[in-house]
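Below you'll find the structure, written out as structure tokens, and then a few comments.
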Amino acid sequence: MQFQGYRRPDGKVGVRNHVLILPASVCASDTTRMIAGRVLGTVSFNNQNGCAQVGPDLKMTMDVLSGFAANPNVYGTIVVSLGCETCQMDLVVSEIEKRTNKPIRTLIIQEAGGTLKTVERGVLLAEEMVAQAALLKREPVSMSELIVGTECGGSDPTSGIAANPLVGRLSDLLVELGATSILSETTEFIGAEHILARRCRNEAVGRRIYEIVHRYEKAMELIGEQIRNGNPSPGNKAGGITTLEEKSLGCIHKGGSSTINAVYDYAETVGQKGLVVMDTPGQDTSSLTGMIAGGAQLCVFTTGRGTPTGHPIAPVIKITGNRLTFARMGDNIDFDASGIVYGTGKIEALAEKLLDMVRETADGKPTKAEALGYVETSIARACNYV
């Protein structure tokens, strides 16, 4: 099976052909928004971080910034910084160049003479790069080139019994095709981590499952909190989920039945084929951010209660097993999996249909979130600002 993708100079393949206007920090975010708003073919996002960060917290942000620029859906990047932030321009560019050899241009607001002059120069650079990107044509490539992130949010019982098992079967189909599927949301492994560990290809990978779960729990304990104080969420409980363990047992269905080949840290470059795990929060947008920074060109996202979530760089296919949610939020949800609940659809047939949707999306068909322009983004944090 093949899709039509954009081959990059670093050898990877994109399903979109964006020019990224990348804010190095919160102080550059409005400026990048202004530039992107004036040039069709560009994308940007609001980076709330990039300054007053230390240690592992700063590393998470740097990994995301460089990972976004390296994502195969990006043709090239224009980095915009204020000039005095922690994520200094030379550091950001250096991290990007470690991951990819795609085009990079830079602008520093303090050196350019303020916002208006930076926007003026940024628009010219963006128009030039978009014109270059337009010369690149799609070509047929194997589905094995795909990295697909899996996510769930606004879950209810239909997520665990319908939508998540469907994504799990999709994950298995992708693995059979030689592609990569990422299982995420470490906080929603709790109570089911032993099940995942048994599925790992060796003991070392299994130990990593326990390590990321225990590390997350200890991080919460440092501030006197427990993960169960915020998970399940009020919406989960209103939908009928009662405990974190119940939610976790539903969440891990997204990993299907394949062997887990590797465990990656947040926003780390994913290089292993097959099913892998990434250590991400359960919070939807920051989890998507980690996988997309890791190289996912496309994500599938299950939701029982419904959510409009998208992303500026990668298309997000929304799936629900709740018939009422699909009827109420049809402008947000791409795929109806409720037939599994009502006995009118079989997982195998629906998984093949969902695989076709993944291929069509990779070919360029916009998701509902893309059509609506959803680009909300957040980055995981390790500690408070200094």
Subject >> Qualifying position, being at pLDDT 75 or above and either closer than 30 Å to Ala362 by Cα or of a type in the set (Val, Ile, Thr) (or both), among His253, His194 >> reply: His253
Original post:
Do you know which residues across segment 26-59 are in a helix (DSSP H, G or I), aliphatic (A, V, I, L, M) and either buried (at least 24 other Cβ atoms within 10 Å of the Cβ) or over 22 Å from the mean Cα position of the chain (by Cα) (or both)?
Top reply: Ala28, Met34, Ile35, Ala36
**OP:** With the condition kept exactly as written, say whether any residue in segment 339-351 is more than 21 Å from Phe3 (Cα to Cα), under 23 Å from the mean Cα position of the chain (by Cα) and outside any strand (DSSP E or B).
**Re:** no
Original post:
Restricted to segment 153-198, and to residues that are of a type in the set (Asp, Glu) and more than 17 Å from Met291 (Cα to Cα), which residue is surrounded by the fewest Cβ atoms within 10 Å (Cβ to Cβ)?
Top reply: Glu176
**OP:** Please enumerate the residues belonging to segment 296-338 that are without any contact (Cβ under 8 Å) to a residue 24 or more places away in the chain, assigned to a loop (DSSP other than H, G, I, E, B) and within 17 Å of Cys152 (Cα to Cα).
**Re:** Met329
Original post:
In segment 194-205, which residues are in a helix (DSSP H, G or I), touching a helix residue (DSSP H, G or I) at 6+ places or on another chain (Cβ under 7 Å) and either touching a residue at least 40 places away in the same chain (Cβ under 8 Å) or on the phi > 0 side of the Ramachandran plot (or both)?
Top reply: Ile195, Leu196
Original post:
Any idea which residue in segment 7-25 is surrounded by the most Cβ atoms within 10 Å (Cβ to Cβ), counting only those that are in contact with an Asp or Glu (Cβ under 8 Å, 6 or more places away or on another chain) and either in a strand (DSSP E or B) or charged (D, E, K, R) (or both)?
Top reply: Val13
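The values are calculated or read from the model by the stated rules, or taken from the named source; none is laboratory data. Because the structure is predicted, anything quoted here is derived from the model rather than measured. Every residue, glycine as well, gets a Cβ built from its backbone with ideal geometry; the counts of neighbours run over all protein chains shown.
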